[in-house]
Amino acid sequence: MNTSLGSRTQPIQAQAMQPSLPSTNPGEFSHKPILLGACVSTLLPERGGVYVDCTLGGGGHSEAILSRLPKGARLIGIDRDADALAAANARLSRFGERYTSVRANFFDMNSILDGLGIDKVDGFLADLGVSSWQLDNPERGFSYQHDAPLDMRMDDRARFSAYDVVNVYSETELTRIFRDYGEENWSSRIASFIIERRKKAPIRTTYELVDVIKAAIPASARRDGPHPAKRCFQAIRIEVNNELGGLDRALEDMVKRLNVHGRVAVISFHSLEDRIAKQCFARLQSPCVCPPKAPICTCGQKSLGRVLTRKPILPTESEIETNPRARSAKLRAFERI
């Protein structure tokens with residue numbers, strides 16, 4: 001289990017094919033599968049075997065993979081979000097026993113696979129983006145464009161939420177996450193304004209937080225670029241869901257679980273995730289830590305495979321036109337040898 005998540009992790013639960021209905025109509029759960037063609041051509045599901053969609057979402061990527069899997073192959077879909085699982089199960093039920101879903105955090109990959117009796121896998125896909133439905137559903141509190149209680153939990157079983165980050169974290173801690181996870185230039189000033197504002201009363205809603213952020217950033221700095229709250233909301237979401245804390249280890253666990261010639265494909269949406277994937281794959285390809293001038297390797301570290309994407313695969317202009325949220329997507333891949 002991923003101990004770095006502490007009390008935020010929950011027991012892994014296999015999901016029945018007919019789950020209870022989500023809080024929204026499954027048909028309304030939308031997450032256009034980004035870089036779909038590139039993912040399928042990278043993972044080569046036609047070869048068969050066992051495939052794992054680490055971030056199932058609405059099931060778009062999984063549907064494309066399942067449609068290409070030969071008889072006897074199977075796919076495991078993993079997600080923390082109960083609504084996502086319900087929507088995906090409704091969408092993918094036609095594949096019967098070839099499809100299994102699990103409500104869990106893919107950071108716990110070894111425990112998930114062990115619980116299913118699976119030793120080796122032929123392809124992993126991890127789409128690290130937040131679904132359009134999660135962003136656009138006001139009840140989830142992910143978006144600065146809708147007024148809602150501060151939440152941002154991908155797993156509603158977790159007790160830790162955006163409210164806790166905003167109202168409990170110290171000024172130093174807030175500055176750190178805004179700087180490190182949001183790459184926000186005004187991180188310390190925003191943190192200071194939040195501390196002063198919450199002395200009067202807790203900050204309970206997304207719009208209350210947006211107002212504080214806008215007040216903290218000088219007007220001249222808000223004239224151009226993205227919404228002034230975008231970076232801070234991203235940072236808080238990453239902190240609430242511990243999106244980066246176990247990513248490197250999870251990717252390494254996936255590579256070690258691969259059959260020979262099996263592949264891992266990762267779609268990231270900001271530089272922090274992309275950097276982790278890039279560095280992890282490079283390390284697994286060339287793990288030797290001996291001095292560069294050493295005549296022979298004495299560290300004993302052996303390469304686990306090869307990086308398939310020297311440069312990340314990017315969405316085409318036509319995909320960006322039809323799905324603007326694909327603009328920042330990057331796909332990196334690794335093959336086991």
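The values are calculated or read from the model by the stated rules, or taken from the named source; none is laboratory data. Please read all numbers here as calculations on a predicted model, not as lab measurements. Every residue, glycine among them, receives a Cβ derived from its backbone with ideal geometry; neighbour counts consider all protein chains shown. Note: accessible area is taken over every heavy atom of the protein model, side chains too, but ligands, DNA and RNA are not part of it. Shrake-Rupley method; radii C 1.70, N 1.55, O 1.52, S 1.80 Å.
Using a cut-off of 24 Å between Cα atoms, the listed pairs Lys256/Lys302; Lys214/Lys330; Lys230/Lys256 include Lys214/Lys330; Lys230/Lys256 as exceeding that distance. For Arg197, the accessible area of its heavy atoms, probed at 1.4 Å with every protein chain present, is near 70 square angstrom.
Which loop trypsin sites (Lys or Arg not before Pro) in the range 264-324, with loop taken from DSSP, have no more than 16 other Cβ atoms within 10 angstrom of their Cβ? Please report the intermediate quantities before stating the final value.
On the way: sites: Arg275, Lys278, Arg283, Lys293, Lys302, Arg306, Arg310; in loops: Lys293, Lys302, Arg310.
Of the trypsin sites (Lys or Arg not before Pro), the ones in loops of the range 264-324 whose Cβ has at most 16 other Cβ atoms within 10 Å are Lys293, Lys302, Arg310.
In plain terms, the chain from His227 to Ser271 could stretch by 14.0 nm, reckoned as 0.36 nm per residue minus the Cα-Cα distance.
Counting only protein heavy atoms and using a 1.4 Å probe, the accessible area of Arg189 comes to about 100 Å².
If you roll a 1.4 Å probe over the heavy atoms of the protein chains, what accessible area per residue do you get for the range 40-191, in Å²? Provide the component values of the computation, followed by the final result.
On the way: 5660 Å² over 152 residues.
Accessible area per residue, the range 40-191: 37 Å².
Placing +1 on the Cβ of every Lys and Arg and -1 on the Cβ of every Asp and Glu, with no other charges, gives the range 209-315 a dipole of roughly 400 debye about its Cα centre.
If R₀ is 30 angstrom, what is the calculated FRET efficiency for the pair Asp211 and Arg249, using the beta carbon separation as r and rounding to 0.05?
Details: r = 38 Å, r/R0 = 1.27.
About 0.20, to the nearest 0.05.
To put it simply, the accessible area of the range 52-148 at a 1.4 Å probe is 42 percent carbon and sulfur.
Each Cα pair under 8 Å and six or more residues apart adds its sequence gap; the mean of these over the residue count of the chain is a relative contact order of 18 percent. When we measure straight from the Cα of Lys71, which aspartates and glutamates land under 16 angstrom away, once same-chain ones fewer than 8 places off are left out? Within the straight-line cut-off, Lys71 pairs with Glu46, Glu63, Glu97, Asp122. Normalised per residue, the accessible area of the range 254-337 is 57 Å², obtained with a 1.4 Å probe and no contribution from ligands, DNA or RNA.
Farthest toward the positive end of the dipole of the chain, out of Phe193, Tyr163, Thr42, is the Cα of Thr42, where the dipole comes from beta carbon charges about the Cα centre.
Since only Ser303, Phe178, Ser271 are under comparison, the one whose Cα sits farthest along the positive direction of the charge dipole of the chain, derived from C-beta charges on Lys, Arg, Asp and Glu, is Ser303. Expressed as a whole percent, the accessible area of the range 188-283 that falls on carbon and sulfur atoms is 48 (1.4 Å probe). Working from label points 7 Å from Cα in the Cα-to-Cβ sense, the Arg204 to Ser303 distance is 5.9 nm. Within the listed set Ala215, Ala235, Ala73, the residue fluctuating most in the Gaussian network model of the chain (springs between alpha-carbon atoms under 10 angstrom) is Ala215.
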